[in-house]
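Asks: Just passing along the structure, written as structure tokens.
The values are calculated or read from the model by the stated rules, or taken from the named source; none is laboratory data. Owing to the predicted nature of the structure, the values given are computational and were not obtained by experimental measurement. Note: ideal-geometry Cβ built from the backbone for every residue, glycine included; neighbour counts use all protein chains shown. We work out accessible area using only protein heavy atoms, side chains counted, and drop any ligands, DNA or RNA first. Shrake-Rupley method; radii C 1.70, N 1.55, O 1.52, S 1.80 Å.
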Amino acid sequence: MAPLTIIAGEIRQRWRHLLLWGVLFALLHQVAMFAALLLRFRAWPNYVTFYDWPGNVLHIIRSTPSVRDMVGIIREEWLIEIGRMNYDYGTGISEWSLNIMPSRLLVLCLLGAMVGLAVSLLHRTACAAPARNSLRATAGLGAFLVALTNVTMSWVVCCATPSWVVGLAMLGLGTSTSLALERSGPLLSVLGFGLLTALILYLAWRKSRPAQQSKGVPAHA
């Protein structure tokens, strides 16, 4: 239980910093997606739409009998849509957009807090440089998998559906191949969180070892 005690103590002592890590991570993720869209399409957005997210959530809760379906629908509700509309086709069609979803923001806040916790534990754990670099790489891989699978960009080429695979298509991967990978998103996200959780537990365990080894050692030794 020592590693869990260390983690709990770290959270109690640094919860403000971890909260800041989470908020900044979520904001920077949105900025990174917006910048990627600007660089890819070399055009500024020409519309911004704000949705009544609280009202829509209340409507979903009232009108959806299945709790499982309710959670799934609420998870995909939009708060803000920023994109570029092409008016060459009648009333217009959205060529690309960035969709901000509160559910994804919460996931990214949790991710940022976990990364912050891992970094804090890493700084407080003595280990050799190669091992430290490997631990950093593990944290980076876990964060990358979760951040990648929570991309909420849409592109008309990918059926205009906001999905993490739109980023892969924008990078040059075939559209059909990208869409085929879409179902792997939850698995990759769980894998990313799993890596971060295992890393945090390992760092806490390493930190607890000196205290455990020092027990029973004579004071004059």
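Asks: Which pairs turn up if I take residues in the range 33-62 that are among the charged types (D, E, K, R) and look for partners that are in a helix (DSSP H, G or I) with beta carbon separation below 7 Å, at least 6 apart in sequence or on another chain?
Replies: As it stands, the answer is Arg40/Met170, since those pairs meet every condition given.
Asks: Restricting the range 3-60 to residues that are within 22 Å of the chain's Cα centre (by Cα) and of a type in the set (D, E, K, R), which is most open to solvent (accessible area, probe 1.4 Å)?
Replies: Result: Arg16.
Asks: Please work out which one of (1) within 16 Å of Trp164 (Cα to Cα); (2) out of contact with any strand residue (DSSP E or B) (no Cβ under 7 Å at 6 or more places or on another chain); (3) among the β-branched types (Val, Ile, Thr) is the condition Ile100 fails and give its number.
Replies: With respect to (1) within 16 Å of Trp164 (Cα to Cα); (2) out of contact with any strand residue (DSSP E or B) (no Cβ under 7 Å at 6 or more places or on another chain); (3) among the β-branched types (Val, Ile, Thr), Ile100 is out only on (2).
Asks: Then there's this: Given the structure, is Ile100 closer than 14 Å to Met153 by Cα and β-branched (Val, Ile, Thr)?
Replies: Yes; evaluated as a whole, the condition is true for this residue.
Asks: Here's a follow-up. Specify which of the listed residues (Leu122, Leu135) is at pLDDT below 90, assigned to a helix (DSSP H, G or I) and under 18 Å from Leu191 (Cβ atoms). Step through it out loud before you land on a result.
Replies: On the way: Leu122 fails: under 18 Å from Leu191 (Cβ atoms).
Criteria check complete, one pass: Leu135.
Asks: Determine if the range 138-154 includes at least one residue that is surrounded by 16 or more Cβ atoms within 10 Å (Cβ to Cβ) and over 29 Å from Leu18 (Cα atoms).
Replies: The answer is yes, given that some residue of the range 138-154 is surrounded by 16 or more Cβ atoms within 10 Å (Cβ to Cβ) and over 29 Å from Leu18 (Cα atoms).
Asks: Yes or no: Arg84 open to solvent by less than 70 Å² (accessible area, probe 1.4 Å) and basic (Lys, Arg)? Please lay out each step first, then the result.
Replies: Working: open to solvent by less than 70 Å² (accessible area, probe 1.4 Å): no; basic (Lys, Arg): yes.
Taking the combined requirement at face value, the residue does not satisfy it.
Asks: Return yes or no: is Glu95 closer than 30 Å to Trp21 by Cβ and modelled with pLDDT under 90?
Replies: Values: closer than 30 Å to Trp21 by Cβ: no; modelled with pLDDT under 90: yes.
So Glu95 does not fit the description; no.
Asks: Can you tell me which residue within the range 88-116, out of those that are under 19 Å from the mean Cα position of the chain (by Cα) and not in a helix (DSSP H, G or I), is surrounded by the most Cβ atoms within 10 Å (Cβ to Cβ)? Can you show your working first?
Replies: Filtering the range 88-116 for residues under 19 Å from the mean Cα position of the chain (by Cα) gives 97-116.
The next check asks that each one be not in a helix (DSSP H, G or I); those that pass are 97-101.
Numbers: Ser97: 25, Leu98: 22, Asn99: 23, Ile100: 20, Met101: 21.
By that ranking, first place goes to Ser97.
Asks: Please count how many residues of the range 42-85 are part of a helix (DSSP H, G or I) and not β-branched (Val, Ile, Thr). Outline the logic, then answer.
Replies: First, pick out the residues of the range 42-85 that are part of a helix (DSSP H, G or I): 53-63, 67-75.
If we keep only those that are not β-branched (Val, Ile, Thr) as well, we get 53-56, 58-59, 62-63, 68-70, 72, 75.
Within the range 42-85, residues that are part of a helix (DSSP H, G or I) and not β-branched (Val, Ile, Thr) number 13.
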